[in-house]
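Q: Okay, here's the structure, questions in a sec.
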2 protein chains.
Amino acid sequence: MFELENERAELLEKIEELISRKRYAELRDFLLPMEAADIASLCANLDEKVPLVFRLLPKELAAEVFVELESDEQELLILSFSNTELKEVLEELYLDDTVDIVEEMPANVVKRILRHSDPETRRGINEILKYPEDSTGSIMTTEFVDLKAAMTVEGALKRIRRTGLDKETINVCYVIDDNRHLLGVLSLRTLLLAEEDDIIGDIMDRNFISVQTLDDQESTAQALSKYDFLALPVVDTENRLVGIVTVDDAMDVIEEETTEDIEKMAAMLPSDKPYLKTSVFETWKARTPWLMVLMLSATFTGIILTHFEGALMSCAILTSFVPMLSGTGGNSGTQASTAIIRALSLGEVRFSDTLQVLWKELRVSLCCGVCLAAANFVKMMLVDRWLLHNPDVTPMVALVVCCTLVGTVLCAKLVGCSLPILAEKLGFDPAVMASPFISTIVDALSLLIYFRFATLLLGI
Amino acid sequence: MFELENERAELLEKIEELISRKRYAELRDFLLPMEAADIASLCANLDEKVPLVFRLLPKELAAEVFVELESDEQELLILSFSNTELKEVLEELYLDDTVDIVEEMPANVVKRILRHSDPETRRGINEILKYPEDSTGSIMTTEFVDLKAAMTVEGALKRIRRTGLDKETINVCYVIDDNRHLLGVLSLRTLLLAEEDDIIGDIMDRNFISVQTLDDQESTAQALSKYDFLALPVVDTENRLVGIVTVDDAMDVIEEETTEDIEKMAAMLPSDKPYLKTSVFETWKARTPWLMVLMLSATFTGIILTHFEGALMSCAILTSFVPMLSGTGGNSGTQASTAIIRALSLGEVRFSDTLQVLWKELRVSLCCGVCLAAANFVKMMLVDRWLLHNPDVTPMVALVVCCTLVGTVLCAKLVGCSLPILAEKLGFDPAVMASPFISTIVDALSLLIYFRFATLLLGI
């Protein structure tokens, strides 16, 4: 499958050729050994031939491919399905996948899906749909194996053999009482390694971790990752088992949330579509608001510069170092804020660590600042003064720039590390407080420091 | 467990109290129901009391906690262990966890670990250690269930019951021939739902995906996520099965690699330690090199500004818009580069999509640029000229700034989207070509555009 990316064009060509020569049996044999995710990825380039390819596949594989398609392709396929075909595909899908699909479809398609689902699935869909987006309830599945504490291992294995085919995972089973309260969890491994006449209640694990339907889906996914579980039980407020979240869905959630965080740090509104699937209008809508805010907030730096116009006129060379100073300040701040935002989202740093973080950033920024200042002094003397013959670059001017560098890096790192922690404490999203916003603040601060040192040392 | 973050202080207090009152049996009962990962997280604040807490725990839980500790805490614990204790812990560990620990320990501790491991474990450790860092071989485990194609389901289940306790996962089994060539995979689910006298060779899945020991660990982890597998078989160049990679290790790899990408995008050298565990010196070392490169590369913007000193002198108000222009350019470029870098790493965009990406960014940047320019024109007229009574801000100056804005956003987005794709194509890491580097290029370009428009429209 690692060759796939390179072989993609070749595979597509082969498929197109088989279709054009109507060699459908050969095409079917060609597709059969592939993974569903790979076939779905190829479908993105097959356009109107997708329904044809789809009908060649055996039912189970077809359903797996269907789940992996992008939602616009799914919609096209559903529209091309006969009622019988739709029914067959829906029967093969796991409940949580069906819900994912329903959530993305327009109302008329949803109605058609619900009409052709069996009553139990319909109940399940409506159950999951009632949970808010981003809640654990919205990513769970209601298909799991439940056992009773009084069963023997033999009885439990029989029950799994009887009902297991329709369940998303049988690797972990859940033990409930008559009121569906969750009593314990039991891995298939424990079950298999136990004696046939052991009682489930004796071998199940009573110290389990469960999440609630309204818990944030990201924290549930992080919990699955932290504890290395394959699935987590989801209970309602009265500890009744209503579903499970499996590790594959958790990985998808983590990937989506990371993309959102990265987008926010780069001053974009998060989008949940892949890059090439987003329209120009949507991309524009996601990018312009923050650019606008940041552009208008740069008014402050403009005012500061206008205010010191006199000083700049009397020592024009100072202007040429403004981009370097604001660039270095921005980069220093971004380094600190990025490190902290990531540490916050991985749970490595908490609000109670604020002082420790500040103390660390203070020392780091002094080290960085002094290094940069020293290098810059040498560079200004050697390159600007000596190599480029610029007599305006006096040692005193270099001193002003270097002192400003130390001050700017210090401010940038302290602002950069404290704003995200503060945002998290106040209940805002730390990623939104990230780099560009911090750059604007640091820009203004660095100019103030610059002119303060210029007034002090150059007497202007 | 979600309450844990808030209850942390309370739990720690309770533990400290029980220790100080020497109520060890009570402490043991208090810790028993907790998850290993949570106990490990509490240990971070218990310092020299960790060995005491550790000795109270039952062997199996103790080993699980040990795996979850940070490596400096593991080292301290190993140093405090008697030889018997060390042996007991090592016996309970899975092989891949032991290897992770060995990789982090200083030589004398490694020697002690190897001396007290049983010969088979020692062979396994040495086997995995020989694979390069970041390779799939370095994260695999050699403990898995292997079956023969001629076995019956009953025989296979017997083999799993006999050997399964020591294996990291029994959810997926691997079918090999006498020369250890991988023939097929078989989930425990299929095995359990089959008839007792079915032959393994008939029910196993021959269309499996495998990875090689030297494949990049990130692509292996992404494959596990993409195909929703619980484990992937790892083969050598002759298709002989040497190990498996499980989904929990894949999640850790994805998390680490994402952190690395984010760090690189923020101009830091990647580090593999949590934020608070990194020393000031290490943080300084990770942050200074890029700051230095970017600071020195700002020399170009300085030269451009010096070159246009005459123009700036004759129309001083132009200076005050430089930070706004370079800020907006930097932010626009970062938006484009971040979107592309993420899309590249998720496999949504390929080199063959370059033209499509450029065409999209061209349209987006024109829309963004025109919007920003319009807003900026209104702002300069209303705020700068009318509200702040600055007569220098003429409509002509505003026009220069606004034309520059459109040009800058255009350049920034095109540079921002093409550099990462180019870097990937040339075999460099796209994340390293990210925001700060692009900002520097865009800064210089935006100044050139600015002075071009100023010369054209203001005749200076």
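Q: Of the numbered conditions (1) in the same structural domain as residue A:151 (by TED's automatic domain parsing); (2) more than 25 Å from residue B:170 (Cβ to Cβ); (3) modelled with pLDDT under 85, residue A:168 satisfies every one except a single condition; which is it?
A: Residue A:168 satisfies every listed condition except (2).
Q: Please name all residue pairs, on different chains or six or more residues apart, with Cβ atoms under 6 Å, provided the first residue is in the stretch B:377-406 and is more than 9 Å from chain A (Cβ to nearest Cβ) and the second residue is of a type in the set (Ser, Thr, Tyr) and in a helix (DSSP H, G or I).
A: From residues that are more than 9 Å from chain A (Cβ to nearest Cβ), the pairs are B:404/B:450.
Q: Restricting to the stretch A:150-186, give me the number of residues that are surrounded by 15 or more Cβ atoms within 10 Å (Cβ to Cβ) and part of a loop (DSSP other than H, G, I, E, B).
A: Qualifying residue count, the stretch A:150-186: 7.
Q: Can I ask one more? Looking at this structure, is residue B:368 in the same structural domain as residue B:447 (by TED's automatic domain parsing), part of a helix (DSSP H, G or I), over 30 Å from the mean Cα position of the chain (by Cα) and within 27 Å of residue A:70 (Cβ to Cβ)?
A: yes
Q: Among the residues of the stretch B:260-300, what is the count of those that are at pLDDT below 85 and among the hydroxyl-bearing types (Ser, Thr, Tyr)?
A: 5
Q: Taking the condition of being without any contact (Cβ under 8 Å) to a residue 40 or more places away in the chain and either closer than 9 Å to residue B:333 by Cβ or assigned to a helix (DSSP H, G or I) (or both), how many residues in the stretch B:407-431 meet it?
A: Final tally of qualifying residues: 2.
Q: Being closer than 23 Å to residue A:49 by Cβ and assigned to a helix (DSSP H, G or I) is the filter here; which residues of the stretch A:91-111 pass it? Lay out the reasoning, then the answer.
A: First pass over the stretch A:91-111, keeping only residues closer than 23 Å to residue A:49 by Cβ: A:92-93, A:101, A:104-105, A:109.
Hits for the stretch A:91-111 are A:92, A:101, A:104, A:109.
Q: Condition first: small (Gly, Ala, Ser), assigned to a helix (DSSP H, G or I) and buried (at least 23 other Cβ atoms within 10 Å of the Cβ). Can you find one or more residues in the stretch A:238-259 that meet it?
A: Taking the stretch A:238-259 as the starting set, the residues that turn out to be small (Gly, Ala, Ser) are A:243, A:250.
This time we only want the ones that are assigned to a helix (DSSP H, G or I), so: A:250.
Restricting the remaining residues to those that are buried (at least 23 other Cβ atoms within 10 Å of the Cβ) gives A:250.
The answer is yes; a qualifying residue exists.
Q: A follow-up question, please. Do any helices (runs of 4 or more DSSP H) lying entirely in the stretch B:1-76 carry at least 3 residues that are under 21 Å from residue A:350 (Cβ atoms) and either of a type outside the set (Ser, Thr, Tyr) or within 13 Å of chain A (Cβ to nearest Cβ) (or both), and which ones are they?
A: B:4-20, B:36-43
Q: Starting from the stretch A:66-88, keep only residues that are more than 19 Å from residue A:277 (Cα to Cα) and among the basic types (Lys, Arg), then list their pairs with residues that are in a loop (DSSP other than H, G, I, E, B) and modelled with pLDDT under 85 whose Cβ atoms are within a distance under 9 Å, requiring at least 6 positions of separation or different chains.
A: What qualifies is A:87/A:117; A:87/A:118.
Q: So which residues in the stretch A:341-365 are more than 23 Å from residue A:298 (Cβ to Cβ), more than 7 Å from chain B (Cβ to nearest Cβ) and in a helix (DSSP H, G or I)?
A: Those that are more than 23 Å from residue A:298 (Cβ to Cβ), more than 7 Å from chain B (Cβ to nearest Cβ) and in a helix (DSSP H, G or I): A:344, A:345, A:351, A:352, A:354, A:355, A:357, A:358, A:359, A:361, A:362, A:365.
Q: Only one of these conditions is not met by residue A:410: (1) facing chain B (nearest Cβ under 10 Å); (2) on the phi < 0 side of the Ramachandran plot. Which number is it?
A: (1)
Q: Please determine, by comparing only the residues of the stretch B:251-271 that are out of contact with any helix residue (DSSP H, G or I) (no Cβ under 6 Å at 6 or more places or on another chain) and farther than 23 Å from residue A:331 by Cβ, which one is farthest from the other protein chains (Cβ to nearest Cβ).
A: Filtering first and then ranking leaves B:256.
Q: What are the residues in the stretch B:384-411 that are surrounded by 16 or more Cβ atoms within 10 Å (Cβ to Cβ) and of a type in the set (A, V, I, L, M), if any? Let's see the steps before the verdict.
A: Residues of the stretch B:384-411 surrounded by 16 or more Cβ atoms within 10 Å (Cβ to Cβ): B:384-385, B:390, B:393-394, B:397-411.
Answer for the stretch B:384-411, where residues must be surrounded by 16 or more Cβ atoms within 10 Å (Cβ to Cβ) and of a type in the set (A, V, I, L, M): B:393, B:397, B:398, B:399, B:400, B:401, B:405, B:406, B:409, B:410.
Q: Test each condition in (1) modelled with pLDDT of 85 or more; (2) crowded, with 16+ Cβ neighbours inside 10 Å for residue B:23 and report the one that comes out false.
A: Going through (1) modelled with pLDDT of 85 or more; (2) crowded, with 16+ Cβ neighbours inside 10 Å one by one, residue B:23 breaks only (2).
Q: So, one more: Looking for something among the small types (Gly, Ala, Ser), surrounded by fewer than 13 Cβ atoms within 10 Å (Cβ to Cβ) and either touching a Gly at 6+ places or on another chain (Cβ under 9 Å) or over 25 Å from residue B:123 (Cβ atoms) (or both) - is there at least one such residue anywhere in the stretch B:42-63?
A: Scanning the stretch B:42-63, I find no residue that is among the small types (Gly, Ala, Ser), surrounded by fewer than 13 Cβ atoms within 10 Å (Cβ to Cβ) and either touching a Gly at 6+ places or on another chain (Cβ under 9 Å) or over 25 Å from residue B:123 (Cβ atoms) (or both), so the answer is no.
Q: If you go through the stretch B:318-339 one residue at a time, do you hit one that is crowded, with 17+ Cβ neighbours inside 10 Å, within 7 Å of chain A (Cβ to nearest Cβ), among the aliphatic types (A, V, I, L, M) and under 26 Å from the mean Cα position of the chain (by Cα)?
A: Looking for residues that are crowded, with 17+ Cβ neighbours inside 10 Å, within 7 Å of chain A (Cβ to nearest Cβ), among the aliphatic types (A, V, I, L, M) and under 26 Å from the mean Cα position of the chain (by Cα), one finds at least one in the stretch B:318-339, hence yes.
Q: Being within 14 Å of chain A (Cβ to nearest Cβ) and of a type in the set (D, E, K, R) is the filter; apply it to the stretch B:171-202 and report the residue that is farthest from residue A:189 (Cα to Cα).
A: B:198
Q: I would also like to ask the following. Being hydrophobic (A, V, I, L, M, F, W, C) and buried (at least 22 other Cβ atoms within 10 Å of the Cβ) is the filter here; which residues of the stretch B:344-372 pass it?
A: B:349, B:357, B:364, B:368, B:372
Q: Another question, then. Are there any pairs, at least 6 apart or on different chains, whose C-beta atoms fall under 7 Å, with the first in the stretch A:296-312 and facing another protein chain (nearest Cβ under 7 Å) and the second of a type in the set (Phe, Trp, Tyr) and crowded, with 18+ Cβ neighbours inside 10 Å, and if so, which?
A: Note: pairs meeting the criteria are A:302/B:321.
Q: It is to be established whether one or more residues within the stretch B:113-130 are within 33 Å of the chain's Cα centre (by Cα), among the acidic types (Asp, Glu), in a helix (DSSP H, G or I) and within 30 Å of residue B:189 (Cβ to Cβ).
A: Checked against the condition, which is being within 33 Å of the chain's Cα centre (by Cα), among the acidic types (Asp, Glu), in a helix (DSSP H, G or I) and within 30 Å of residue B:189 (Cβ to Cβ), the stretch B:113-130 yields at least one hit.
Q: Okay, moving on. Of A:214, A:192, which residue is within 29 Å of residue A:252 (Cβ to Cβ), more than 34 Å from the chain's Cα centre (by Cα) and either assigned by TED's automatic domain parsing to the domain that holds residue A:168 or assigned to a helix (DSSP H, G or I) (or both)?
A: Only one candidate passes the filter, namely A:192.
Q: Please tell me if residue A:56 is touching a residue at least 40 places away in the same chain (Cβ under 8 Å) and among the aliphatic types (A, V, I, L, M).
A: no
Q: What residue, of B:349, B:383, is outside the structural domain of residue B:226 (by TED's automatic domain parsing), farther than 30 Å from residue B:227 by Cβ and of a type in the set (Val, Ile, Thr)?
A: B:383
Q: Further question on the same structure: On the basis of being at pLDDT 90 or above, over 22 Å from residue B:443 (Cα atoms) and not in a loop (DSSP other than H, G, I, E, B), does residue A:402 make the cut?
A: no
The values are calculated or read from the model by the stated rules, or taken from the named source; none is laboratory data. None of the values given here were measured: they were computed from a predicted structure. Methodologically, a virtual Cβ is constructed for each residue, glycine included, from the backbone with ideal geometry; neighbour enumeration extends over all protein chains shown.
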